[in-house]
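Have a look at the structure below before the remarks.
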Amino acid sequence: MLVILAVCVVAGLTGAVTWGFLAPSARYVVTQEGQALLPGANLHLFDSLAIFIGITSIAGLVCGALVWSMRSRRGPLTVVMLVGASGLGSALAAIGGGLIAEWRVPDPTHDGAAMIVAIPAEMTVWQALIFQPLVAALVYFFAAGISPDADLGTGRPESGGRPEGGEFVGDSVAGVGEPVERGGSPAGSS
């Protein structure tokens, strides 16, 4: 389980570095009367959020695929650990990416006149943190859904050796497989 945690945390930290360098900063004009967002700069607020969602979705895809490749660990507990660790990785991406963005954007110097200030990207919409765990779980469930093996490829023996219907293969079911005379009912029934 620590491997799953490590995979998701590394994916989150990689996302933090990527988002911290790619997210555009919002630009404000500051005067004696106050501050105002420059025209068109409000799109940068959306852009930084969209970049974050894209990066964490890719991290979730990678986490889900890597955890699915751990054959011996497949199961419900693995899914719970995958979702929790992906949530932690996404939170680390938001916090670490914000710190990198702050480091990347220099502090403004104020000389008394109007100036343009760049505000570093920050994660203000915390609902975006759901994308990495959501994509990771969807990838894992999709892989489980297309798995041709009943044991999901773990190599563990199936329980009981019985098919899901409850009958052994080859058991006769009343009225099935018995000869039927034309226009009549199965032989032996009245």
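Within region 69-82, residues that are at negative phi and open to solvent by 50 Å² or more (accessible area, probe 1.4 Å) sit with their Cβ atoms under 9 Å from residues that are in a loop (DSSP other than H, G, I, E, B) and not hydroxyl-bearing (Ser, Thr, Tyr), at 6+ positions apart or across chains, in these pairs: Arg71/Leu152; Arg71/Gly153; Arg71/Gly155; Ser72/Gly155; Ser72/Arg156; Arg73/Met1; Leu77/Met1; Met81/Met1.
Determine if region 24-40 includes at least one residue that is surrounded by 15 or more Cβ atoms within 10 Å (Cβ to Cβ) and assigned to a helix (DSSP H, G or I). No: region 24-40 contains no residue that is surrounded by 15 or more Cβ atoms within 10 Å (Cβ to Cβ) and assigned to a helix (DSSP H, G or I). One residue alone among Ala50, Ala59 is part of a helix (DSSP H, G or I), under 21 Å from Ala143 (Cα atoms) and not polar (S, T, N, Q), and that residue is Ala59. For region 62-92, taking the residues that are among the hydroxyl-bearing types (Ser, Thr, Tyr) and in a helix (DSSP H, G or I), the one that is nearest to the chain's Cα centre (by Cα) is identified as Ser86. Ser48 fulfils the conditions (1) open to solvent by 30 Å² or more (accessible area, probe 1.4 Å); (2) small (Gly, Ala, Ser); (3) under 24 Å from the mean Cα position of the chain (by Cα) except for a single criterion, (1).
Quick grid of which residues meet (1) within 16 Å of Ile55 (Cβ to Cβ); (2) modelled with pLDDT of 85 or more; (3) surrounded by 13 or more Cβ atoms within 10 Å (Cβ to Cβ):
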{"site": "Pro108", "(1), (2), (3)": "no, no, yes"}
{"site": "Asp111", "(1), (2), (3)": "no, no, no"}
{"site": "Ile119", "(1), (2), (3)": "no, no, yes"}
{"site": "Ala128", "(1), (2), (3)": "yes, yes, yes"}
{"site": "Gln132", "(1), (2), (3)": "yes, yes, yes"}
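For region 71-99, how many residues are of a type in the set (D, E, K, R) and in contact with a helix residue (DSSP H, G or I) (Cβ under 9 Å, 6 or more places away or on another chain)? Residues flagged as of a type in the set (D, E, K, R) and in contact with a helix residue (DSSP H, G or I) (Cβ under 9 Å, 6 or more places away or on another chain) within region 71-99 amount to 2. Please pick out the residue among Ile100, Ile95, Ile116 that is touching a residue at least 12 places away in the same chain (Cβ under 8 Å), more than 16 Å from Leu134 (Cβ to Cβ), among the aliphatic types (A, V, I, L, M) and part of a strand (DSSP E or B). Only one candidate passes the filter, namely Ile116.
The values are calculated or read from the model by the stated rules, or taken from the named source; none is laboratory data. Source: prediction; values computed, not measured. A quick note on method: Cβ atoms are made from the backbone with ideal geometry, for glycine too, and the neighbour counts reach across all protein chains shown. What goes into the accessible areas is simple: the full protein's heavy atoms, side chains included, and nothing from ligands, DNA or RNA. Shrake-Rupley method; radii C 1.70, N 1.55, O 1.52, S 1.80 Å.
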